[in-house]
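Undergrad: This is the structure, below, for whatever I ask next.
Read-outs: derived from the displayed coordinates by stated rules, not from any lab. Computed from a predicted structure; not experimentally measured. Here the Cβ positions follow ideal geometry from the backbone for every residue, glycine too, while neighbour counts run over all protein chains shown.
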Amino acid sequence: MNATTATPIFKTKRSRLAGYDFDNIEFGTSHTDHIFMAEYNNGEWNNQRIEPFGNFTLSPFALCFHYGQTVFEGLKAYRLIDGRISIFRPEQHYRRMNRSLERMCMPSLPEEMFMEGLEQLIRLEESWLPGKNDVALYIRPFVIATEARLGVKISEEYLFTIGCAPVSKYYTKPLKVKVETKYVRAAEGGTGYAKCGGNYGGAFYPAKKALEEGYDQLMWTDAQHNEYIEESGSMNIMFHIDGKLITPALGSSILDGITRASLLQLAKDNGIKTEERKISYRELQQAFEEEKRIEAFGVGTAAVISPIACINIREKEYNSYIGSDALMYRFQKQLEDIRLGRSEDKHGWNYIV
Ligand SMILES: *Cc1c(COP(=O)(O)O)cnc(C)c1O
């Protein structure tokens, strides 16, 4: 970023980098040295700056604590093998964030502020990407309502923040999941497609019950019929059956994942048929009963691909395919090769900072 930038940078006097143990990173438990912040009042975003990572002070009556106007994003920055730094598809995350904000009656973010703030922050924190041990930066932009008022109303004041956490490769052991037909995560017409806090808070209780029964997470079904598969945990879900990559079609109850979109594109690049459509647990169960080879996997920015080894459908457990020649592992490798600059970035997914 050039020196004429509009965003003032207040650097920390005590970087935590020197003592940081890149060999033992637990997801989301540590942060880099700085954050980007901006405030919304009188109808506009003001006071953009980058400052040392630190605690906020908010009124106990700040509306975000009471009525749920909170929206977030999650994206990643990588060090490419040639040493440059890249953010994966940030424009897509920017657009989705504004769709979430609109749904929650929160003010949209100007593209320039978001992109410039993000880019400068990542440049400033680039030493947190040592280029070894598969360390990446998980980036968390979020907006919260800050107006101090107890009445149920749309806030007139907001805070926008971008923070970063060093993360290492997420080795997920294959998951055991359960198709949920009682509780729902999101309903048509609701907020499921938005990354707003309430969607996650509301999902904890059924997920906890499933955990007590020995399942890592739930496979959510639609609110109307409790039959059509929507997502798994807080990831999109994909199946590889009969040579086709099948994933539920988007709607207002499903989050429009950027990993999902990227994998659908990769499938097309690989000449694999894709189907975005409704898939019922009955259809899935029948395919298992016919002893088809079925791959099932969750997809999202944090873990990229989470293989599913076992699915409980109506109290019967089925094993899905997790052999090393599975398509999901091929996709995982291809996506990683693009993200790290090991193979050609045909679709312009890497945003070099
Ligand atoms: C963030 C998220 C995803 C995955 O989206 P990505 O853009 O791939 O990270 C899927 N489902 C839910 C509910 C999510 O919150």
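Undergrad: Could you tell me the center-to-center distance, by alpha carbons, between the range 125-190 and the range 298-341 in angstrom?
TA: 21
Undergrad: Apply the Karplus curve 6.51 cos²θ - 1.76 cosθ + 1.60, θ = phi - 60°, to the phi angles in the range 78-88 and return the couplings in whole Hz, x for Gly and Pro.
TA: Karplus-based 3J(HN,Hα) across the range 78-88 equals 10, 9, 6, 5, 8, x, 6, 10, 10, 9, 7 Hz.
Undergrad: Counting other C-beta atoms within 10 Å, and keeping those with at most 16, which DSSP coil GluC sites (Glu not before Pro) do you find in the range 250-318? Show your work: numbers first, answer last.
TA: Values: sites: E275, E276, E283, E289, E290, E291, E295, E315, E317; in loops: E290, E291, E315.
Within the range 250-318, the qualifying GluC sites (Glu not before Pro) (loop, at most 16 other Cβ atoms within 10 Å) are E290, E291, E315.
Undergrad: While we're here: Provide the net charge surrounding S155, with neighbours chosen by a C-beta distance below 13 Å and charges set as Lys +1, Arg +1, Asp -1, Glu -1. Before the final figure, lay out each step's value.
TA: Numbers: positive: R149, K153; negative: E39, E147, E156, E157.
Local net charge: -2.
Undergrad: Loop-only check: which GluC sites (Glu not before Pro) in the range 24-105 are DSSP coil with at most 14 other Cβ within 10 angstrom? Walk me through the intermediate numbers first.
TA: Working: sites: E26, E39, E44, E73, E91, E102; in loops: E26, E73.
Filter output for the range 24-105: E26.
Undergrad: Moving on. What distance in nm separates the simple spin-label points at Y200 and E283, each placed 7 Å from Cα in the Cβ direction?
TA: 3.0
Undergrad: While we're looking at this one, here's another question. Only bridges whose two residues both fall in the range 220-317 count here: according to DSSP, what percent of them are antiparallel, nearest 5? Could the numbers behind the result be given before it?
TA: Values: 20 of 24 bridges.
Restricted to the range 220-317, the bridges split so that about 85 percent are antiparallel.
Undergrad: Also: Mind checking the range 170-247 for GluC sites (Glu not before Pro) that DSSP puts in a loop (not H, G, I, E or B) and that have at most 11 other Cβ atoms within 10 Å? Before the final figure, lay out each step's value.
TA: Details: sites: E180, E188, E212, E213, E227, E230, E231; in loops: E188, E213, E227.
When the GluC sites (Glu not before Pro) of the range 170-247 are filtered for loop state and at most 11 Cβ neighbours within 10 Å, E213 remain.
Undergrad: Another question, then. Please list, or write none, the lysines whose alpha carbon is within less than 29 Å of the alpha carbon of K153, excluding same-chain residues fewer than 8 places away.
TA: Partners found: K195.
Undergrad: Taking the Cα-to-Cβ direction at N47 and at R293 and moving 7 Å from each Cα, how far apart do the two end points lie in nm?
TA: About 5.9 nm separates the two model spin labels.
Undergrad: Grab the beta carbon distance between E39 and H347, set R0 = 45 Å, and tell me the FRET efficiency rounded to 0.05. Please report the intermediate quantities before stating the final value.
TA: Values: r = 35 Å, r/R0 = 0.79.
The formula returns an efficiency of 0.80 here.
Undergrad: Let me ask another. Tell me, in nm to one decimal, what length is gained between Y329 and H66 on full extension, where the rule is 0.36 nm per residue of separation less the Cα-Cα distance? Spell out each step's value before the answer.
TA: Details: separation 263, 0.36 × 263 = 94.68 nm, distance 4.24 nm.
Length gained, Y329 through H66: 90.4 nm.
Undergrad: Right, another one. Hey, could you grab the Kirkwood Rh for the chain? Inverse mean 1/r over distinct alpha carbon pairs, Å, one decimal.
TA: On the way: mean 1/r = 0.0465 Å⁻¹.
Result for the chain, one decimal place: 21.5 Å.
Undergrad: Distance in nm between label sites at I154 and K132, each 7 Å beyond Cα in the beta-carbon direction?
TA: 5.2
Undergrad: So which of K268/K346; K76/K132; K209/K292; K178/K208 end up more than 19 Å apart, counting from Cα to Cα?
TA: On the way: K268/K346 13 Å; K76/K132 16 Å; K209/K292 30 Å; K178/K208 12 Å.
In this structure, K209/K292 lie more than 19 Å apart at Cα.
Undergrad: Based solely on its DSSP helices, what 222 nm [θ] is calculated for the chain when runs of n ≥ 4 H residues each add -39,500 (n - 2.57) and the sum is averaged over all residues, nearest 500 deg cm²/dmol?
TA: Details: 7 runs with 82 residues, N = 353.
Taken over the chain, the calculation gives -7000 deg cm²/dmol.
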